[in-house]
Amino acid sequence: MAEPIPQSADRDSEFARLALPLLPVIARVAQALTHDAADAEDLVQETFLKAYRHWNTFQPGSDPRRWLSAIARNTFYAQRTRDRWVTAVGDDLDLETFAAVDLHKLARDRGVEDMFSRLDLGPAINAAIDALEPQYRDVVRLVDVEDLKYEEAADVLGIPLGTVRSRLYRARRQLQEKLVQHAIDAGFDTTSTDTPDSRAIHAKS
Amino acid sequence: MQNPEVCREIVRQLWPYLDGALPDELQVSVSEHLSMCTNCRSHYDFQAAFLDAVRASANLGDQFEPLRARVLAALAAEGMSLP
């Protein structure tokens, strides 16, 4: 008769299946909380250790990402005093939304409206995200890269839902400004002299 | 011809619409308008393409490998049987 699988083997395999794949998103959460690469790594390690030790408290069928994010956040707040961000954010959602529309119109007028399908913008997008101010970079990474909902990002960052939205929309507009300018500078606008070399370098394969 | 005020209201909802953050009824209303209004649809297409490009730009696998190795080592020291 085969020996029954020890409880710990089932536990470990479930933890490996459900929790370990979430390391990238928890790393992003940790970075958003700590704003320090080394501290973020420490927080990720501590989060997974706590999660493993308390895996029996995880409710099967519930969202492991939310559970792990809560552990990360609680660990962070328990371990250190969080610096308050002093921001000069204009919380006008309409302003940012319609600014994005104006940017689209500019892109259309300059002939780079389809730049996202024609150009390999990956490096430019990463550089633009890295160049954002931290409070904007955090929300873009959590919502647009890691696909967190507004409410989840608000929980992680400890900020109101409205602040998530206003920072996110402003960050998106700032990114689009940089990318539209990048496309124009690369010579892909139809109002400039055609530059085959730059097209060859930047076009998608 | 679309009502400019309606279009303005639809455009105000584009980001939360793309993020799936609108109430169901409003999500449906925006969808219906976008199916009929080419101008608003072009704004939607541009913003959707932008968000797709941002998501596609994420390079998650390689950059987290050292951290993953560190976390796995810590879990192994805790007694976890690694996969």
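The values are calculated or read from the model by the stated rules, or taken from the named source; none is laboratory data. Everything quoted here is computed from the prediction, not taken from an experiment. For neighbour counting, all protein chains shown are included, and Cβ atoms are generated from backbone atoms with ideal geometry for every residue, glycine included. Please note that ligands, DNA and RNA were not included when accessible areas were found on the heavy atoms of the full protein model with its side chains. Shrake-Rupley method; radii C 1.70, N 1.55, O 1.52, S 1.80 Å.
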When the Karplus curve 6.51 cos²θ - 1.76 cosθ + 1.60 is applied with θ = phi - 60°, which whole-Hz ³J(HN,Hα) does each residue of the range A:13-19 get, with x for Gly and Pro?
5, 5, 4, 5, 6, 9, 9
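Over the range A:1-74, with every protein chain in place, what whole percent of the accessible area is carbon and sulfur at 1.4 Å, could you tell me? Spell out each step's value before the answer.
Details: 2000 of 3820 Å².
Here it works out to 52 percent.
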How much accessible area does residue A:46 have with a 1.4 Å probe, in Å² rounded to the nearest 10?
50
Taking just the alpha carbons, could you work out the radius of gyration and Dmax for the range B:4-77, both in angstroms?
19.6, 64
Take every residue in peptide B:70-78, count the Cβ atoms of other chains within 10 Å of its Cβ, and give the average of those counts.
5
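Under a 1.4 angstrom probe, counting protein chains only, how are B:38, A:75, A:57, A:34 ranked by accessible area, largest first?
The ordering from most to least exposed comes out as B:38, A:57, A:34, A:75.
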Which three numbers, in whole Å and largest first, are the semi-axes of the equivalent ellipsoid of the protein assembly as shown derived from its Cα gyration tensor as √(5λ)?
40, 22, 19
Here the range A:129-142 yields Karplus 3J(HN,Hα) values (6.51, -1.76, 1.60; θ = phi - 60°; whole Hz; Gly and Pro given as x) of 5, 4, 7, 5, 5, x, 5, 7, 4, 4, 5, 5, 5, 6
Could you let me know the centre-to-centre spacing of the range A:41-78 and the range B:7-45, using Cα atoms, in angstrom?
36
Using each residue's phi in the range A:28-42, evaluate 6.51 cos²θ - 1.76 cosθ + 1.60 at θ = phi - 60° and report the 3J(HN,Hα) Karplus result to the nearest Hz, with x for Gly and Pro.
5, 4, 4, 5, 5, 7, 9, 6, 8, 4, 5, 5, 4, 5, 4
